[in-house]
Every structure is written in C-alpha cells, then in structure tokens.
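Report on the structure given below.
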Amino acid sequence: MTEAGNNDTPDWAGPLADIRVLDFTRVLAGPAASLALADLGAEVLKVEPPAGDETRTFPPFREGESHYYIAVNRGKKSIVIDLKSEAGVQLARDLAAQSDIVIENYRPGVMDRLGLGYEALSRDNPGLIYCSISGFGQDGPLRDKPSFDIVLQALSGALSVNGEPGGAPLKLGIPLGDLVGGINGPIGILAALHERHRTGRGRHIDVSLLDGMVGMLGYLAQLAFFNGEDPQPQGSQHPNLVPYGQFPASDGAIIIACLTNAFWGRICRALGMPELADDARYDSLEKRRAAREDVNAIVSGFTRQKTVAELEALLSAHEVPNAPILGIGDALSQPQVAARDMVVDTQHKTLGTIPIVNRSIKYAGAEQAAPTAPAVLGEHTDEILAQVLGLDADAIAQLRAANVVA
C-alpha cells in the first residue's frame, strides 16, 4: 500500500480534487469554510450577487480590489447569478445537482424561501452534503438574531476573559467568532463525506458559531463548573500556571511559558538561580499560583536586565518555551514561516503578482499546485456555465442579456 496522500505530479490539486463545492457564502464565517475546502483541492464555485460579496466593498483597496476579499477567497471560482430572478434560482439548482457540497451562511430560512434549502436541493441530488453556517444555528431563541464576531465573543464568554486583570474586557484581535465556522464547517462536511461513501446519502449540517465559541472555552468552562465562579481576565498570563505570559526586557518584552515543574527547573537554571527549583515556596504548580506576584517579580527582575535577543538565546539554550512578540509583518517574514512556504506569490487578474498566505495544511511526500488568486467578480461565470452545465455561447449570451448572470 502506498503512503496516503503521496502524489508525484506537480499539478496535484489536493485530496479533494474530485469534489465540487457550490458556495453561497459571503463575508467571513462561510468563506473561511469554503476556503479550507479549496485549500484541500476541492473545486469551489463561489456564487455572488451582481454587486458581489459584501467584502469586495471593504476598504482599504488596491486597484479597486479589497484586502478583505482577497484574504479569504483564494483558490475559488467566481460566478455571478441574480438569485432574485427565477431563472437565476434555476441555474443555482442546476449547479447544485452537479455538486457534492453546498455551503451557505444566510440567516436560517432565507435559502428555503429562495427554493435553495436542503430539502429542495436534496430531492434532485440525494447525495448532496449541505452545510448551513449561522450565528446561532437553525433553532433556539436566538435563531433569527443578527450576529457578528464581537457579538459571538460577548455571548460565548470569550470576551469576558480577554484583557488585563481589573480592566475592561477586550475583543480578541483575531475574529475567532467568525473563523470558528471555518473550522467546524469543514470538519462536519468531511465527516459527512466519509459517511456518504457508506450510505450514498448526504446530510444537512447545522453549524452555529456560538456553539463553536462555547466549545472553544475548553478548560475555562470546566474551571467555571468546578469553582462556580467566572474566570477573570489575566492579560497574557495563565489562570493556573506561573510563570506564564509576558515579561519585560530592556528593549521590549518576551513571552515565557512554564507548563510543568520540569520547565520551572529549566527557568530557574536560565535565571542563574538553580536553587529556586527546590525552594519549598515555589516547588509545585499550586504553590507558584498562590505566590504569583512573588514569582513574577523574580522572573521580571532578571528579564528586564536583558534584551529580547539575549533572553531568546538564553531561554532557548535551556529549552524553555519562549518567543518575542512579533508584529504581523515580522511574523509573515520570519524564517520558520518562509521555510514552510506560508507566504507565496500568485497572479491576480487585476493586481498582477501579489503575495498571499498559503495553505496551512501540508501533505508529506506530496506537493500541491500553488493556490490560484482570488477571482475578480464573475471571472469564471462563462467557464462554469459551459463546463459544468454544458451551456453553449448563445444560451450564456441570453442569460447575460436578461441580467440573470454577469
């Protein structure tokens, strides 16, 4: 048996190369999900209204193209269909009949009213896997409430634990409330795809972003169950592990993470204070947590005398988890990111050669073809109508003249 995923062809699309996705999503939560499938090699047909995905209007722009749209739509094809017309809805139904997966992130009920809900589309395509991504899911008292990332952060409790101790809660810098849809959606889709091999039937997947954020609370949820109290903001510190977080350097700050007593011993040796490892005041996780201020003062007293570079070298020599705090630009240009090909150049139809973030999943022994650039609005309309639906030039011209497609 050959190694799974092994492929020697230079134009290998990925393990989902024979899968077609019809993508009705827009903004972030849904496009993040279809992006993950495109990264895995699926053919993603992004259906956009005549005005385009809303993020095409989000500044800043370059040559009229939005940074936001480009960020989450690599590797997809764009087709413009007016779903407010009967002919447009029929085109969408025809495309769904030729697809393996449909993803949408409208409010619950919208796709049903258009005639493009799971029940309608699965009658023509029983094997269709249909993923609905919404703020609160297909049922419950908040089903119809509009949601955005910050709303989900607030309602999940995630916002309440982010910020400095004693300060006001702060929104996470990364829009995790939306991006969780790009994680849980593909997991549910791939599981249903596996199930379809056995049953021959598809399934409707109900992804709630609030569910996803609650699921990501992890040990913080269990801490609340155990203590009956809400965990409080800790800044960059950990609620239970000490020392853990940001410590001052002479020219900035450095992150130090002590997860176990073994790391505590290494930190003590790095500080030139090996005797602290066996000090009865600090020789367990519980004792260090109780003496948080004293422990942090000892570590800070040492780190503020050194530069970030000196601390990196010293801590790394003792195998202590540590990191400088990089800005986005430095993070994207660091040697590890370069070694993993996480930034690549692609050819955009309007912008020419541009850098984009690459796929984050790699396959040992197999190299995927470089991802294609995010499409300009409607770039693949004619190609999709001809190749997927078999329409000839005259039929496409008639649809265009009637403003059904653009």
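The values are calculated or read from the model by the stated rules, or taken from the named source; none is laboratory data. Since the model is a prediction, treat every value here as computed from it, not as a measurement. Please note: Cβ atoms are built from the backbone with ideal geometry, for glycine as well, and neighbour counts cover all protein chains shown.
From the list N227, N240, exactly one residue is surrounded by fewer than 16 Cβ atoms within 10 Å (Cβ to Cβ), polar (S, T, N, Q), at pLDDT below 95 and farther than 30 Å from G301 by Cα. Which is it?
Result of the check over N227, N240: N227.
Could you please give the count of residues in the range 384-399 that are under 18 Å from R93 (Cα atoms), of a type outside the set (V, I, T) and free of Cβ contacts under 8 Å to residues at least 40 places away in the same chain?
5
Quick check: anything in the range 374-383 loosely packed, with under 13 Cβ neighbours inside 10 Å and either outside the structural domain of P49 (by TED's automatic domain parsing) or of a type in the set (S, T, Y) (or both)?
no
Tally time: how many residues in the range 351-401 are over 24 Å from A36 (Cα atoms) and either touching a Ser or Thr at 6+ places or on another chain (Cβ under 6 Å) or of a type in the set (K, R) (or both)?
Count: 1.
Of the residues in the range 233-251, how many are out of contact with any Ser or Thr (no Cβ under 8 Å at 6 or more places or on another chain) and farther than 21 Å from Y282 by Cα?
1
Any residue in the range 324-351 that is touching a residue at least 60 places away in the same chain (Cβ under 8 Å) sitting within a Cβ distance under 9 Å of a residue that is basic (K, R)? List the pairs, counting only those 6 or more apart or interchain.
What qualifies is T346/R74; T350/R62; L351/R62.
What number of residues within the range 166-188 are among the charged types (D, E, K, R) and touching a residue at least 60 places away in the same chain (Cβ under 8 Å)?
1
When you scan the range 114-161, how many residues do you find that are among the basic types (K, R) and under 19 Å from G188 (Cβ atoms)?
Adding up the residues that qualify gives 1.
Tell me which of these A191 doesn't satisfy, since it passes every other one: (1) in contact (Cβ under 8 Å) with a residue 24 or more places away in the chain; (2) out of contact with any Gly (no Cβ under 7 Å at 6 or more places or on another chain); (3) farther than 25 Å from K171 by Cα.
(1)
Quick check on my filter: what residues within the range 81-126 are without any contact (Cβ under 8 Å) to a residue 40 or more places away in the chain, among the small types (G, A, S) and part of a loop (DSSP other than H, G, I, E, B)?
Passing the criteria: G109, G115, G117.
Can you say whether V27 is in contact with a strand residue (DSSP E or B) (Cβ under 8 Å, 6 or more places away or on another chain) and either within 24 Å of V180 (Cβ to Cβ) or surrounded by fewer than 19 Cβ atoms within 10 Å (Cβ to Cβ) (or both), as far as the supplied structure shows?
Against the criterion (in contact with a strand residue (DSSP E or B) (Cβ under 8 Å, 6 or more places away or on another chain) and either within 24 Å of V180 (Cβ to Cβ) or surrounded by fewer than 19 Cβ atoms within 10 Å (Cβ to Cβ) (or both)), V27 does not qualify.
Could you pull out the residue among A154, A168 that is modelled with pLDDT of 95 or more and in the same structural domain as A375 (by TED's automatic domain parsing)?
The conditions single out A154.
Of (1) surrounded by 13 or more Cβ atoms within 10 Å (Cβ to Cβ); (2) out of contact with any Leu (no Cβ under 7 Å at 6 or more places or on another chain), Q336 satisfies all except one. Which?
It is condition (1) that Q336 fails.
Filter the range 339-371 for residues that are surrounded by 16 or more Cβ atoms within 10 Å (Cβ to Cβ) and among the polar types (S, T, N, Q) and give the result.
T346, N358, Q368
Name every residue in the range 143-169 that is surrounded by 15 or more Cβ atoms within 10 Å (Cβ to Cβ) and part of a loop (DSSP other than H, G, I, E, B), in order of residue number.
R143, S147, F148, G157, A158, N162, G163, P169
Does S333 fit the bill of being under 30 Å from I70 (Cβ atoms) and polar (S, T, N, Q)?
Yes.
Is it the case that some residue within the range 154-165 is under 20 Å from V27 (Cα atoms) and of a type outside the set (A, V, I, L, M)?
no
Just wondering, is there one or more residues in the range 244-260 that are loosely packed, with under 14 Cβ neighbours inside 10 Å, on the phi < 0 side of the Ramachandran plot and under 27 Å from the mean Cα position of the chain (by Cα)?
Taking every residue of the range 244-260 in turn, at least one turns out to be loosely packed, with under 14 Cβ neighbours inside 10 Å, on the phi < 0 side of the Ramachandran plot and under 27 Å from the mean Cα position of the chain (by Cα).
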